[in-house]
Amino acid sequence: MDDAKSRALKGTVFYDFRKMTSSMCRDTCSESGYLFAGLEYGAECYCGNRITATRMREEDCNLDCKGEKGTICGGVGRLSIYKVENLHPGSRKYRNVHYRGCYQKPKNVSAAFSMCCSHANLTSESCVELCADKEFPLAITQRSECCCGYSSIDFPLQQKFDDQYCGRAANQSDRGGFPEDNDHVLAFQTPVQDTRCTDRKFKPEKSNALVALSSFPGAGNTWVRHLIELATGFYTGSYYFDGTLYNKGFKGEKDYWKSGRTICVKTHESGKREIEMYDAAILLIRNPYRSLVAEFNRKCAGHLGHASEQHWKSKEWPDFVASYAPWWASHVLDWLKFGRRLLVVHYEELQQALFPQLRLITNFLNASVSDERLLCVESNQDGHFKRSGVRQRGFDPFTVEMKMQIDGYITIVDAALRTHNFSGLPQEYVPR
């Protein structure tokens, strides 16, 4: 048995509404160091190290895998669970373990962390394995002490200290190195997903107010939708239909954009008629240089790919800039002119100060969200549509003429924001 309030498997979760197979789910859970893989609704994969639910009748699991007809992938509220590997303690290899940083040790350790224990020969790897086995997303180490838990008010991940306070070089690997005093600890993100904010649903009552999440293409709209869904617990909608986004869990993609069942609606449209269809809007703005590169990458290689060198050096790139750079400016100017109630959000400020910026967004959406849930969002902030690093092109794709054009648009948009009593563009946008 499985339900959103009490998951049978409490580790990583991922979706593929078109291609899910039992082997895909098992391989993903195995690579993340889990013992069990569970499939539900034919398209949802859950991982975990222990099963915390009642065993049901075999015939209750009756839905084919979306990508593998004839193979059962759970049912409605029912998981088909596989034992992945019989690994001995210490032999499990975890992917997706991230060093989060050096932090001040909480005054009340028992309140800040769910469990702590001491080991004479403690290593960061053994602490991560212990916490992952107990299904906690954070592992915290200090000399011989290992604690497991969640990001919380008592241990917020925003308040990071320089690595030197933990006796650790900034470029040191995730292995080894412990704080030399009793005031600081090292924190690691285990492969276990913080599931306090992963439940999502359509709004139970249709809203009369239609709120847009408006941006120029390449400005991070998908990432912000991911954050809003985690923070509010409600699906976001879209003026378009993107099958790739739907397959990966954005269920609001298939919903009629005017249904009122979603918390806000993605749009790249501008112009008086298109804007006045909405009662309010979150206007998302990103540095045009980065927006243009991101959208060109998407056009050439999809949501997660990178354009090839051949693409950058073809006539396609200057034509793209000549067409899209003016659109970056006109998009903002139109929403400032015709938007009824606006919240302006800068992508870069959201990256730098996620918690306070998300609080502004959820308040604007009239969503009641606890601090604990926002801290959970911070733990899960990347989502499934983050490009892996920046592919080094070895050259600047922007010519002098392109920069002159784009810098002119930056100046115009900055002035327009200030005229409408918003703060101007972040300093990094300012023409160089």
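The values are calculated or read from the model by the stated rules, or taken from the named source; none is laboratory data. For clarity, every value in this text was computed on a predicted model and none was experimentally measured. So basically every Cβ, Gly included, is an ideal-geometry build from the backbone, and we count neighbours across all protein chains shown. All accessible areas refer to the heavy atoms of the entire protein, side chains included, with ligands and DNA or RNA removed. Shrake-Rupley method; radii C 1.70, N 1.55, O 1.52, S 1.80 Å.
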For this session: Determine, for each peptide in 402-410, 45-53, the mean count of other beta carbons within 10 angstrom over its residues, then list the peptides with the highest first.
Result: 45-53, 402-410
For this session: Report, by chain and number, residues whose modeled amide H sits under 5 Å from the one on Leu138, excluding near sequence neighbours (fewer than 5 apart, same chain).
Result: Gly149, Thr190
Exercise. For the stretch 153-164, in order, what is each residue's ³J(HN,Hα) by Karplus, 6.51 cos²θ - 1.76 cosθ + 1.60 with θ = phi - 60°, in whole Hz (x at glycine and Pro)?
Worked result: 4, 7, 9, x, 7, 6, 8, 8, 9, 4, 4, 5
Exercise. If contacts are Cα pairs under 8 angstrom and at least 6 residues apart, what is the relative contact order of the chain in percent?
Worked result: 13 percent
Problem set entry | Extension reserve of the Glu31-Arg57 stretch, reckoned as 0.36 nm per residue once the Cα distance is removed | 6.4 nm
For this session: Skip the ligands, DNA and RNA, and give the accessible area per residue of the chain with a 1.4 Å probe, whole Å².
Result: 48 Å²
For this session: Return the long-range amide H neighbours of Met115 (sequence gap of 5 or more, or a different chain), with a cut-off of under 5 Å between placed amide H atoms.
Result: Cys148
Seminar exercise, completed: For the chain, the longest principal axis of the Cα atoms and the Cα long axis of helix 400-419 enclose an angle in degrees, to the nearest 10, of 90 degrees
Exercise. From the phi of every residue in the stretch 308-313, what ³J(HN,Hα) in whole Hz does the Karplus formula 6.51 cos²θ - 1.76 cosθ + 1.60 yield, where θ is phi - 60° and glycine or proline is x?
Worked result: 7, 4, 4, 4, 5, 9
For this session: Would you mind checking the tilt of helix 288-301 against the longest principal axis of the Cα atoms of the chain, expressed as 0 to 90 degrees and rounded to 10?
Result: 70 degrees
Problem set entry | Inter-label distance for Met1 and Tyr82, nm, one decimal - labels placed 7 Å from Cα along Cα-to-Cβ | 2.6 nm
For this session: Specify the angular offset, from 0 to 90 degrees and rounded to the nearest 10, of the alpha carbon long axis of helix 221-232 from the longest principal axis of the alpha carbons in the chain.
Result: 50 degrees
Problem set entry | Other-chain or far-sequence residues with amide H under 5 Å of Asp154's (modelled H) | none
Exercise. If eta is 0.692 mPa s and T is 37 °C, what Stokes-Einstein diffusion coefficient results for the chain, Kirkwood Rh from Cα pairs, in µm²/s?
Worked result: 139 µm²/s
For this session: Subtracting the Cα-Cα distance from 0.36 nm times the residue separation, let me have the gained length for Phe422 to Lys69 in nm, one decimal.
Result: 121.7 nm
Seminar exercise, completed: Nearest-0.05 FRET efficiency for Asn363 and Arg100 at R0 = 35 Å, using Cβ-Cβ distance, is 0.85
Seminar exercise, completed: Of all DSSP beta bridges having both residues in the chain, the percent classed as antiparallel (nearest 5) is 70 percent
For this session: Give the accessible area for Lys10 in Å² (nearest 10); use a 1.4 Å probe, count only protein heavy atoms, and leave out ligands, DNA and RNA.
Result: 70 Å²
Problem set entry | Whole-Hz ³J(HN,Hα) from phi, Karplus 6.51 cos²θ - 1.76 cosθ + 1.60, for the stretch 235-250, glycine and proline x | 5, 9, x, 8, 5, 10, 10, 10, x, 5, 5, 4, 4, 9, x, 7
